[in-house]
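Could you have a look at this structure, given as structure tokens, before my questions?
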Amino acid sequence: MTGKYRQLFDYLLILIYFLIPRISANSAAANVIYQMLNDKPMPTNNETGPLQVHVGFYVESMGNFRATEMAFDMDMYLYMSWLDINMKHNQTGHILINGRNFSIFQITRSKVPDKNVLDKIWTPDLYFANARSSYFHEVTVHNFNMYISKEGRISYGTRVTLNLACNLNLKNYPLDSQICYVKIISYAHVQHEMMVRWFPNEPIRYNPDIKPPEFEIKSFDQGYCNGTFHYTLTHNSSRIGNFSCLLGMIRLKREIGAVPARVSLSFTTLLTLSTQGNGIRYQLPAVSYAKSIDLFFGVCTLFIFGVLLEFALVNSYMRRANKYNHMAEKLQSGYGSKNAIYPSADCDSEYDEGPSRFYAHMNKNSAQLMYKALQYSRKALSVDKAARIAFPIAFVIFNLFYWVRYLYAEEEDDESIERLY
């Protein structure tokens, strides 16, 4: 029994030996942290200039484009960085704050829990000016992290989902290109107080796997939209100030094979036309002859069916182009494969010169497939461009003949009636 107690006592001493430094380190970290957080206002690092806040974001996904609402959704990781001399410390390494619900400070390996610590640190009051709604992610914890360097440099990152407004210009639909914006502005601080700028290197990045169903992403660009804004101070006073504004630009090109948009638009037009025609028909008595309004609605219906047939042809070309393009990419992906299979050099075949001859043949086949894909893509684009001109011209010509014919017929009917009397 004495030996067992002695062994237990030794284990207890070892445990105390390892715990005391950790507890003292946590206490020291806690003291440093809470001293920094005592009622700190907006940092004023440079009395001769505004506070510099650098911003960037990574787009994880985007989609759900709604033309009727002129809006789309975006999921992003937002990053900000600024210098706060009030947060300088002499601890080893960075301070890490991670997870709002289980917020911790981490200095090297010491941790101090605090559930409300993020609310005590000053952060820029940036908002998305063209966002209709937005929210932070909180599963399984609040998705954010904050690093504080020894010099007081704070790097803050969080995940945000936005519903952004995008004013679509549909003048060239369905061959249109669109530019959607992400506007980031300080809510209350003017330029002489806080200057918001992009990170110098690649401030906007995006997931290469993003493929919206109707659009092709051409590029993500960044710019500035600094301007003068009118803001209210009290219920009876206001002020005009210069605010710094960041502008993220998303350039989109509508794909020719955007099946849902083009088909739904055509069928919606057809249903609307049928509803209007039936409404007019029900207001008139039934007769045994065709009326001029029947001719007008009939020709309009033929035009809509013509548009659907034209799109079916374009879609057929695009499907073939995508098929050949996919085959070429699949063939090219086998070039560097370690498991690539090619005929042996001693076989009696056209590949008797070994792998180099075989790869040259594969390269030739890939080029032929890509050329076929390009041909079908050009055919689809040519048909679309021709229809873009032919359909409006044909409709204008029909309207000229229609209105001239029936307006002139109305004058002839009036003259014949006058002769009768």
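No value in this document is a laboratory result; all are computed from the given coordinates. What you see is a predicted model; the values in this text were computed from it and never measured. Quick reminder, even Gly has a Cβ in these numbers, built from the backbone with ideal geometry, and neighbours come from all protein chains shown.
Local charge sum around Y224 (other residues, Cβ-Cβ under 14 Å, Lys/Arg +1, Asp/Glu -1)?
Values: positive: K183, R197; negative: D221.
Local charge sum for Y224: +1.
Normalised by the number of residues in the stretch 51-254, what is the relative contact order in percent for Cα pairs under 8 Å and 6+ residues apart?
Details: 477 pairs, mean separation 50.4, N = 204.
Over the stretch 51-254, the number comes to 25 percent.
Calculated FRET efficiency, V263 and T234, Cβ-Cβ r, R0 56 Å, to nearest 0.05?
The computed FRET efficiency comes out at 0.55.
Give me the extension gain from H192 to K211: residue separation times 0.36 nm, minus the current Cα-Cα distance, reported in nm with one decimal.
Length gained between H192 and K211: 2.8 nm.
Using the 10 angstrom Cβ neighbour count as an exposure proxy, how do C225, C166 rank, fewest first?
Result, fewest neighbours first: C225, C166.
At what distance in nm do the modelled label points of S382 and N399 sit from each other, each positioned 7 Å from its Cα along Cα→Cβ?
3.0 nm
Taking 0.36 nm per residue of separation and subtracting the Cα-Cα distance, what length does fully extending Q375 through N242 add?
Extra length from Q375 to N242 when fully extended: 42.6 nm.
Let me check I've understood the local charge: for F395, count other residues with C-beta under 15 angstrom from its C-beta, Lys and Arg +1, Asp and Glu -1. What total comes out?
Local charge sum for F395: 0.
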